[in-house]
Amino acid sequence: MAEMDTSSKGGGHKKGPGVKKGKKLSTRIDLTPMVDLGFLLITFFMFTTTLAKPKTMEINMPYKDPNMKVEDQNKIKKSVALTVLLSRNHRVYYYEGIGDDPNVAPDMKSTNFSQKNGIRDEIIAKKKMVDDMKRSGSLSAKDEATILIKPDTTSTYSDLVNILDEMNINDVKVYAIIDISDLEQGWIKETEAANAGR
């Protein structure tokens, strides 16, 4: 048993006759409960740190078909694609398809991350449209709604986190983060100018 003895030994003041000599008490401190408390604290902190696991988003990598040609692996059907452009002031521009024709500007629309009439409603509508096309037979069962995310140089990191949250919330299985092209940046400026004129 661990203990600390603080009793004083040796002579004290000598008292005169007729004065009773006081009994010297020894103070003993038992440190055994402190050891138990230390082990309890260590056990508690080891247990609680295992509960605090980092929260990360799971990213599923695409399946590579060994029979498919390399040039066909990254092709996306225009009918299943929705391109989302992140821009300044938390504005989100989007259009149907992949915008592969530089001579024809897509029908670009703008929204934001609000709960009502935001980008979430457009993602839900795109998923519903793809599901309807699959039911009608114009798309195969393997086709999924594909969201192409293209952050502009004026967008913020929080915008990218918000759009990734939307992918997770809406259970979008196929999405990609791609560099925005100069052509698309020009389309954003044209859309901003058209909206400012209204």
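The conditions of being within 12 Å of Val80 (Cβ to Cβ), among the charged types (D, E, K, R) and surrounded by 13 or more Cβ atoms within 10 Å (Cβ to Cβ) are met by Asp143. Note on region 184-193: among residues that are surrounded by 13 or more Cβ atoms within 10 Å (Cβ to Cβ) and of a type outside the set (Asp, Glu), the one that is modelled with the lowest pLDDT is Thr191.
Taking region 147-194 as the range and being within 19 Å of Gly99 (Cβ to Cβ) and either in contact with a His (Cβ under 6 Å, 6 or more places away or on another chain) or of a type in the set (S, T, N, Q) (or both) as the test, the residues that pass are Thr153, Thr154, Ser155, Ser181, Gln185, Thr191. Residue count for region 1-56 satisfying the condition of being over 41 Å from the mean Cα position of the chain (by Cα), at pLDDT below 75 and part of a loop (DSSP other than H, G, I, E, B): 23. For first residues located in region 123-152 and more than 14 Å from Val174 (Cβ to Cβ) and touching a residue at least 24 places away in the same chain (Cβ under 8 Å), partners that are of a type in the set (Ser, Thr, Tyr) and surrounded by 12 or more Cβ atoms within 10 Å (Cβ to Cβ) and lie 6+ apart or on another chain with Cβ distances below 7 Å form the pairs Met133/Ser79; Lys150/Thr83; Asp152/Ser87. Residue check: Gln115 meets all listed conditions (1) modelled with pLDDT under 90; (2) more than 14 Å from Glu166 (Cα to Cα) but one, namely (2).
In region 143-164, the qualifying residues are those that are in a strand (DSSP E or B) and among the β-branched types (Val, Ile, Thr), and the one that is farthest from Ser79 (Cα to Cα) is Ile149.
The values are calculated or read from the model by the stated rules, or taken from the named source; none is laboratory data. Keep in mind the model is a prediction, meaning the values are calculated, not measured. Neighbour counts are summed over all protein chains in view; Cβ atoms, including those assigned to glycine, are modelled from backbone coordinates with ideal geometry.
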